[in-house]
């Protein structure tokens, strides 16, 4: 029973790891992986000296920081609010509407975002113009606006979905605590502050730490569909750069070096984050 | 004392009203862009351009859908996506079940080693280029195997399945073994019926993933006749994107290119999400359970 799965992992997970060796070679498809010449660390030297590298690294980290700072608290807030809703049907309806974008492809969501924000026909610019007299804003083509669009669209897709774990943690809080607080005359706010929030503290901590472990990853499908030529200075991240320069311009070895750099940092981040979780006395991921 | 509690009551009532309103508004806000596209897809392009479309179709017509289906390409792309999704999901479930069952047994020899072997691939994720070279050297380009094989199993879903199987009472299996049933019979006749809920939710997750993914298709499928729905849509959006940039550059002719596809693009978007909306009611019954099992790591 286990043979197919072992073969799968060897061939499609471990073989590509071995394939990372081309970062130290001058890979050409005709020569094959073994036939290509060794060049040592040349690609890494080129990488660290190039302007592009620092640009895509900065963009990758910045987009992650924005998503973390603005995106991380939203599910917590939504879960706190949802938890106070007493009418079951209302709660369920709101939840289902908020979860929905999570199941929709980034192509569709990106297409919608671009359409809605279009300077000529987009509904957002129309509303801005008619209600506030603001001239059309080129949201998608403006380097100042693009990260905002990126962050908000990420929140749109994932914030509702992110509430699930918090709501589950809230559901496991002992109702007697609230009863006791009520008898003592504690207001709703105090109950949230002193009972609900401490009750989900460890969930928040774990999810926050896990999120930090993925600071080097940017959703490739989201970035690719939202980005365009005029905002590459802020929208080009490691993975889209590897795709464009590596595959479309066939710069295989050079971009593999970049990919390997990303994988290694990502690996170190996740492993150290796991140590951190364990130090907090929680169960780690492995 | 009485007064303060009444004050609390009023404050709470107002807070509650505000709470319901805020949540209602945010969920409508999450839905609005999709709703707007739906309205736009049934509106005339004149109305879209003039900015008259907001919540309801203006000058209702099916023109965009007719144009979309005219050349038949979109139907081919839909059929391709259905094939990719159905076979992909079946392969996924087959492999996930086959792998999760033995891994859920503590008596399995070398279990912890195998788990480490599998977990490591979640931590160290190799880049796009080596995978691309592998698929290319295996001669899988332009076949759907280039999509299915590298994604036969999602490690995360495998662990969800394994955790679920570990939670089933062992006595059932033991009694089946006592009756002389072998591993295969226990798996197919005892375990699978018990796993129905998790099989349902994982299949839906896999299927939605296949339906929605586009990057792999973009990488590995170059023939136009083999393209998936999402890639067709992606190309459509990118076109509009390009004309939008020309427009930003101030050229007049670009406006025409930009304005025509807006309604058609909306129609394509609606077609691409409709299947998701159709399975969503079934999906939502299962996904919360799937997520919660996944979060309890074993």
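Write out, first by first residue and then by second, each pair whose Cβ atoms fall under 6 Å of each other, whose residues are 6+ apart or on separate chains, and whose first residue, in the stretch A:102-122, is more than 7 Å from chain B (Cβ to nearest Cβ) while the second is surrounded by fewer than 22 Cβ atoms within 10 Å (Cβ to Cβ) and assigned to a loop (DSSP other than H, G, I, E, B).
A:119/A:136; A:119/A:138
Assuming residue A:191 fulfils every condition listed in (1) within 13 Å of chain B (Cβ to nearest Cβ); (2) more than 30 Å from residue A:50 (Cα to Cα); (3) under 14 Å from the mean Cα position of the chain (by Cα) apart from one, which condition is it?
(3)
Name the single residue, out of those in the stretch B:38-71 being within 14 Å of residue B:271 (Cβ to Cβ) and in a loop (DSSP other than H, G, I, E, B), that is farthest from the other protein chains (Cβ to nearest Cβ). Talk me through it step by step, then tell me what you get.
Our first condition is that a residue be within 14 Å of residue B:271 (Cβ to Cβ); within the stretch B:38-71, this holds for B:38, B:40-42, B:62, B:64-70.
Now restrict to residues that are in a loop (DSSP other than H, G, I, E, B): B:42, B:62.
Working: B:42: 15, B:62: 19 Å.
Only one residue tops the list, namely B:62.
Can you tell me which residue is farthest from the other protein chains (Cβ to nearest Cβ) among those in the stretch A:123-146 that are surrounded by 19 or more Cβ atoms within 10 Å (Cβ to Cβ) and within 21 Å of the chain's Cα centre (by Cα)?
Applying the filter and picking the extreme gives A:146.
Of all residues in the stretch B:106-123 being within 15 Å of residue A:11 (Cα to Cα) and facing another protein chain (nearest Cβ under 7 Å), which is surrounded by the most Cβ atoms within 10 Å (Cβ to Cβ)?
Looking at residues that are within 15 Å of residue A:11 (Cα to Cα) and facing another protein chain (nearest Cβ under 7 Å), I get B:118.
Taking residue B:78 as meeting all but one of (1) under 17 Å from residue B:266 (Cα atoms); (2) not assigned by TED's automatic domain parsing to the domain that holds residue B:158, write down the number of the exception.
(2)
What number of residues in the stretch A:233-273 are more than 8 Å from chain B (Cβ to nearest Cβ), surrounded by fewer than 19 Cβ atoms within 10 Å (Cβ to Cβ) and over 30 Å from residue A:31 (Cβ atoms)?
Total satisfying the criteria: 4.
Suppose the filter is surrounded by fewer than 20 Cβ atoms within 10 Å (Cβ to Cβ), part of a helix (DSSP H, G or I), at negative phi and at pLDDT 85 or above; does residue A:15 pass it?
yes
Looking at A:20, A:49, which one is under 30 Å from the mean Cα position of the chain (by Cα), more than 14 Å from every other protein chain (Cβ to nearest Cβ) and under 25 Å from residue A:220 (Cα atoms)?
Values: A:20 fails: more than 14 Å from every other protein chain (Cβ to nearest Cβ).
Checking each option against the conditions leaves just A:49.
Checking the structure you have, find out if any residue of the stretch A:57-69 is under 20 Å from residue A:164 (Cβ atoms) and either more than 14 Å from chain B (Cβ to nearest Cβ) or assigned to a helix (DSSP H, G or I) (or both). Quick ask: steps written out before the conclusion?
Here is the first cut: in the stretch A:57-69, the residues under 20 Å from residue A:164 (Cβ atoms) are A:67-68.
Restricting the remaining residues to those that are either more than 14 Å from chain B (Cβ to nearest Cβ) or assigned to a helix (DSSP H, G or I) (or both) gives A:67-68.
The answer is yes, given that some residue of the stretch A:57-69 is under 20 Å from residue A:164 (Cβ atoms) and either more than 14 Å from chain B (Cβ to nearest Cβ) or assigned to a helix (DSSP H, G or I) (or both).
Mind telling me which of the residues A:44, A:29, A:53 ends up being outside any helix (DSSP H, G or I) and in contact (Cβ under 8 Å) with a residue 12 or more places away in the chain?
Result of the check over A:44, A:29, A:53: A:29.
Got a number for residues in the stretch B:124-146 being surrounded by 15 or more Cβ atoms within 10 Å (Cβ to Cβ), farther than 29 Å from residue A:216 by Cβ and touching a helix residue (DSSP H, G or I) at 6+ places or on another chain (Cβ under 7 Å)?
Step one: list which residues in the stretch B:124-146 are surrounded by 15 or more Cβ atoms within 10 Å (Cβ to Cβ), which gives B:124-135, B:138, B:140-141, B:143-146.
Of the ones still in play, those that are also farther than 29 Å from residue A:216 by Cβ are B:143-145.
In the following step, the residues that additionally are touching a helix residue (DSSP H, G or I) at 6+ places or on another chain (Cβ under 7 Å) were identified as B:144.
Matching residues across the stretch B:124-146 total 1.
So which residues in the stretch A:199-222 are farther than 15 Å from residue A:65 by Cα, in contact (Cβ under 8 Å) with a residue 12 or more places away in the chain and more than 10 Å from chain B (Cβ to nearest Cβ), if there are any at all?
A:199, A:200, A:202, A:204, A:205, A:222
The values are calculated or read from the model by the stated rules, or taken from the named source; none is laboratory data. Every value quoted in this text rests on a predicted model; they were computed, and no experiment measured them. Note that we place each Cβ from the backbone using ideal geometry, even for glycine, and neighbour counts take in every protein chain shown.
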